[in-house]
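Reviewing the structure listed below.
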Amino acid sequence: MKRLALFISGTGGNALNLLEACASGRVPATPVLGLSSSARAAGVERLAARGLGVAVVARSAFDDDRAFTLACLDRAEAAGADVIALCGWLKKLDLPAAWEGRILNIHPGLLPAFGGPGMYGMHVHRAVLEAGVAESGCTVHVVDNVYDHGRIVAQARVPVLPGDTPEALQQRVYQQEMALYPAALRDFLASL
């Protein structure tokens, strides 16, 4: 069974969802670490309350993305992680070759549209509404060294409804994230 690290920067909602999916057997993985880019992230306490060891690695403590990335990966490796799931992780990773193809991310939009630097959370939903597109959704992709760029593993779609607000759209997309990420992670693990 693969050993999983969950990287967060915020509330940890997707990480908690994956913890539950692992506990119920829907995802055949053993969570071994929660890692946050911020000590103030609400997800730190939420994951710890579920019994997962949580480390904090602040980007501000490092001179560049590579040094920060290596510190994060060192923590994951020390915990025995084989795979990492980014769950609302907002920091740029500069991956060494040893970790290529072993990290997944979930993005609250239909990549390749509405991705890249600065496109996270409500920024994505506002951009979708401003663009006037008919649908949005979420994307699970393999992480590479470009924001929101790696190979797409799975997507789920939701309609953009007349009168939608960013908050209403976010709620519908988030519901899809809760179903999509565990299923995509399960399939990804089976392919390794």
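Go through 155, 171, 175 for me and flag whichever is touching a Leu at 6+ places or on another chain (Cβ under 7 Å) and either surrounded by fewer than 20 Cβ atoms within 10 Å (Cβ to Cβ) or without any contact (Cβ under 8 Å) to a residue 12 or more places away in the chain (or both). Outline the logic, then answer.
On the way: 171 fails: touching a Leu at 6+ places or on another chain (Cβ under 7 Å); 175 fails: touching a Leu at 6+ places or on another chain (Cβ under 7 Å).
After applying the criteria, what remains is 155.
Give me a count of the residues in the stretch 107-121 that are more than 15 Å from the chain's Cα centre (by Cα) and either surrounded by 15 or more Cβ atoms within 10 Å (Cβ to Cβ) or not in a loop (DSSP other than H, G, I, E, B) (or both).
Of the residues in that region, 2 qualify.
I need every pair where a residue in the stretch 31-42 that is touching a residue at least 40 places away in the same chain (Cβ under 8 Å) has its Cβ under 9 Å from the Cβ of a residue that is assigned to a strand (DSSP E or B) and surrounded by fewer than 20 Cβ atoms within 10 Å (Cβ to Cβ), sequence separation at least 6 or different chains.
From residues that are touching a residue at least 40 places away in the same chain (Cβ under 8 Å), the pairs are 32/3; 33/3; 33/55; 35/55; 35/56; 37/56.
Would you point out the residue of the stretch 129-145, among those that are in a loop (DSSP other than H, G, I, E, B) and of a type outside the set (A, V, I, L, M, F, W, C), that is nearest to residue 171 (Cα to Cα)? Give the steps one after another, and end with the answer.
Step one: of the stretch 129-145, the residues in a loop (DSSP other than H, G, I, E, B) are 132-134, 143-145.
Retained after the next criterion (residues that are of a type outside the set (A, V, I, L, M, F, W, C)): 132, 144-145.
Working: 132: 18, 144: 27, 145: 29 Å.
If we take residues in the stretch 129-145 being in a loop (DSSP other than H, G, I, E, B) and of a type outside the set (A, V, I, L, M, F, W, C), then 132 is nearest to residue 171 (Cα to Cα).
When the residues of the stretch 49-69 are filtered to those that are within 18 Å of the chain's Cα centre (by Cα) and of a type in the set (A, V, I, L, M), which remaining residue is farthest from residue 32 (Cα to Cα)?
Within the stretch 49-69, the match that is farthest from residue 32 (Cα to Cα) is 58.
Restricting attention to the stretch 159-168, report how many residues are surrounded by fewer than 18 Cβ atoms within 10 Å (Cβ to Cβ) and either part of a helix (DSSP H, G or I) or of a type in the set (Val, Ile, Thr) (or both).
Count: 4.
A short reminder: the numbers here are calculations on the coordinates, not readings from a lab. Quick caveat, the model's predicted, so the values are computed rather than measured. Reconstructed Cβ throughout: ideal geometry from the backbone, glycine too, with neighbour counts over all protein chains shown.
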